Every structure is written in C-alpha cells, then in structure tokens.
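Everything below concerns the one structure shown next.
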Amino acid sequence: MERKFSRLKKLILPVLLLVNASLFAQVPSVIERIRFPVWAEVDAYPGLESGEYDSDEPYPVSRIKEIVPFLLNGMVYGWDFVYVPSDKARGVEEYFEITEIQNLESENGKISYSSPWIQDNKFNCWVDYTRTDFQIQNYYLWSSIKNPVIQGRGYGSLEDGFDGIKKAAENALKNAVREHYRTKIKNKPKEITGSVLIRKVPTLGIDAGQYVIVLDFFLEYGKIKEYTLF
C-alpha cells in the first residue's frame, strides 16, 4: 500500500475463462465492481495423474482459486515487468518476467464465487470482486494520468493448465510492450522495465488447441537501458 502511494506522485480442467460480450452488458462497471464468468470442463484434466491432487477442495475449485486471483491482481494493483529483447548479434536471449505490485490473496474474503451451474459438461460460476475506495482511486489514477493504453494477444499450452494461462497472459503483455516500444525506440534496448494495470475484463478462450488471451493495459513507463558498446 505504501509503495502504491509513493507511485501516486509522479478454475476438474484448469480454469477457462470465456468472456462473452453479451454478458458485459450486465456489468455496470469494472471500476467499482469487477464481474465476469468462469467455467471448467467437468471431466478431469487428462494430465492429472492419480495421487497428484491432494487438496480437500474439488479440483475445479482449486484451479479457479489459482487463476482468478492472478488475473484480478493485474486488474486491481497491476504488475511490474522486465523485458530483455533478444539480440542475436550480441548472443542475448529474450527474457520477460512479471511480478505482482501487491498480493491480492492477502485480502481474504474479497473474492466471491456465485451462481454455479452445469451445462454442456461444464461447471460454470460468476466471479465478483468489489474494489475498496483506495482501489477505485488507484484505477482512476492509472486512467487519468498520461499512461498510454496498450493491447496484446498471448498463447499458452492447454497441457500446462494454470501455468498455460499464466504464460498466455505473460505473452500478451510481452507482445503489447514489444509493439509499443518499437514505435518509440530506434535502436534495440538492453532492457525495458515498467508497470501495467489491466483496464478491462480479460478475454480468454481456446484457439488451435491453445489458451489465448487478449489483455488491455494502462502502461506506466519505467526505465530503458541502452547498450553502451556493441
């Protein structure tokens, strides 16, 4: 919390979120109340081997409780990122990492899962999260100052479950950052850092046997490190 104030100055199958545009009309605002549907196939995930799962909760509930906080965190507090572009001439491999600005899971009881139903062999429910006054102000801060809006699409392996969704989100952000800075930087940089806040409900589905996610962000510029010598 203190860190953010200082910045004021200057889901059975791993969860699959399908955000339907017709459902968005039911949501008055993603600013005060974040609401979106999630669903998981009722059949157990093929990659789950006997003895591997030891939670007291049903498997899909456990998966939901992994992916939902991850995405909500990006919407409520945001992520920091470090991006190192690949450079074959210098023997540098591409590197990208995101970290949470603040841990949403530490706030117990804020995320609610409601209205479950089963249809077409899928377990469905709604996810709701009501922002605190501080979090609402934080969103307005991100949107009011001169933070550019960037968008990216990313893919992840279905076989990786939650890690596949997380990788898809990371790739979406990486692609958004890469495309944005290509228009801003003439020479390939050594490293780019910054912060982002997801500004809309994520769009996540399956395409060609992979998770695919589309994310929109507010971008807060960090530092750009240039190569001093070739």
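Considering only the other residues whose Cβ falls under 12 Å of the Cβ of PHE218, what net charge follows from Lys and Arg at +1 and Asp and Glu at -1? Kindly include the intermediate steps, with their values, before the conclusion.
Working: positive: LYS146, ARG199, LYS200; negative: ASP216, GLU220.
In short, +1.
What do you get for GluC sites (Glu not before Pro) in segment 131-230 restricted to DSSP loop and a cutoff of at most 11 other Cβ within 10 Å of the site's Cβ?
Numbers: sites: GLU159, GLU170, GLU179, GLU191, GLU220, GLU226; in loops: GLU226.
Sparse-neighbourhood loop GluC sites (Glu not before Pro): GLU226.
Which pairs in the list LYS65/LYS223; LYS65/LYS200; LYS65/LYS166; LYS166/LYS186; LYS88/LYS200 are over 24 Å apart, alpha-carbon to alpha-carbon? Present the calculation step by step, with values, prior to reporting the outcome.
Working: LYS65/LYS223 33 Å; LYS65/LYS200 20 Å; LYS65/LYS166 13 Å; LYS166/LYS186 30 Å; LYS88/LYS200 36 Å.
From the list (LYS65/LYS223; LYS65/LYS200; LYS65/LYS166; LYS166/LYS186; LYS88/LYS200), the Cα-Cα distance tops 24 Å for LYS65/LYS223; LYS166/LYS186; LYS88/LYS200.
Pop a pseudo-label 7 angstrom from the Cα along the beta-carbon direction at both THR193 and SER144 and give the gap in nm to one decimal.
2.7 nm
When the accessible area of segment 126-230 is split by element with a 1.4 Å probe, what percent falls to carbon and sulfur?
Details: 2540 of 5350 Å².
Percent of accessible area from carbon and sulfur atoms in segment 126-230: 48.
Averaged per residue, what accessible surface does segment 80-230 expose to a 1.4 Å probe, in Å²?
Numbers: 8280 Å² over 151 residues.
Value returned for segment 80-230: 55 Å² of accessible area per residue.
Give me a comma-separated list of calculated 3J(HN,Hα) values for segment 79-92, in order, Karplus coefficients 6.51, -1.76, 1.60 applied at θ = phi - 60°, integers in Hz, x for any Gly or Pro.
Along segment 79-92, the couplings run 10, 8, 9, 10, 10, 10, x, 5, 8, 4, 4, 9, x, 9 Hz.
The values are calculated or read from the model by the stated rules, or taken from the named source; none is laboratory data. Everything numeric here is computed off the predicted structure, so don't read it as measured data. No Cβ is skipped: glycine too gets one built from the backbone with ideal geometry, and neighbour counts run over all protein chains shown. What goes into the accessible areas is simple: the full protein's heavy atoms, side chains included, and nothing from ligands, DNA or RNA. Shrake-Rupley method; radii C 1.70, N 1.55, O 1.52, S 1.80 Å.
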